[in-house]
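Okay, so here's the structure we're looking at.
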Amino acid sequence: MWSKFQGNLSATTIATEMEAIRSEDVILRAARKMHWPPQRVRAAVRTTQPGQANMIALTVRELEPIPTATLANSLAEAYIERDLENKKKLAEKNLHELIERRQQAEASLRALEMQKQIFLEEHPLWGRLETFKSLLFENEARRKELLKTYTPRHPQIAQVEEQIAGLKRQISQIPAQDDRFSQVSRDARVAEDL
């Protein structure tokens, strides 16, 4: 007596799935369900691909019709169980890898945030460029006004000159700091996006 189970497959190759149906794992599962020895199940089972169809024909040959149908169903159930277990293992593996990548990204982000904090502590002038430029402009304007009244050696002009020189020094340090801070900030944004 012949009984056939046909399953429509899409993503995997037919040959691989035919081997999976005849695998030791699926045969043993079906044998346990049937309370038969694995050799009897193996001898009764045949898989084929009907023409060029994306299907597998599972053929079971037994002398009695009821055990034949039951064995075909047991094999189909065993194959589906095995497939679900494999998919579950793969999903768990992928989840574990994603968790690891997330932990690595979070550690990287924490390190970048620490670098950013250290940078800000080491470079208190960062972010004050516009303030310094405004103060420089005001001091240069004040110097021009003072020069209308006093000579360049006057103490008020000397004081303004010192302030101008100090602001120029501070401004000259800021672009290099801005570049380094911008790089750390970009790295932190990329890590956050991950």
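The values are calculated or read from the model by the stated rules, or taken from the named source; none is laboratory data. What you see is a predicted model, and the numbers here were worked out from it, not measured in a lab. Backbone-built Cβ (ideal geometry, glycine too); neighbour counts: all protein chains shown. Each accessible area value is taken on the protein alone, full model and side chains, heavy atoms only, with ligands, DNA and RNA left out. Shrake-Rupley method; radii C 1.70, N 1.55, O 1.52, S 1.80 Å.
Figures for the structure shown
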item: Percent of Cα pairs exceeding the 18 Å cut-off, where the set is region 16-154; result: 74 percent
item: For region 80-158, convex hull of alpha carbons as volume per residue, Å³; result: 95 Å³
item: Relative contact order, percent, region 83-180 [alpha-carbon distance under 8 Å, six or more residues apart]; result: 29 percent
item: Under 28 Å from the Cα of LYS33 - lysines, other chains or at least 8 residues apart; result: LYS4, LYS87, LYS88, LYS89
item: Portion, in percent, of the accessible area of region 25-79 that falls on carbon or sulfur, probe 1.4 Å; result: 55 percent
item: Peptides ranked, highest mean first, by Cβ atoms within 10 Å: ranges 61-67, 49-55; result: 61-67, 49-55
item: Residue-normalised accessible area of region 122-170, given per residue in Å² at a 1.4 Å probe; result: 75 Å²
item: Ordering of 72-78, 144-150 by burial proxy (mean other Cβ atoms within 10 Å per residue, highest first); result: 72-78, 144-150
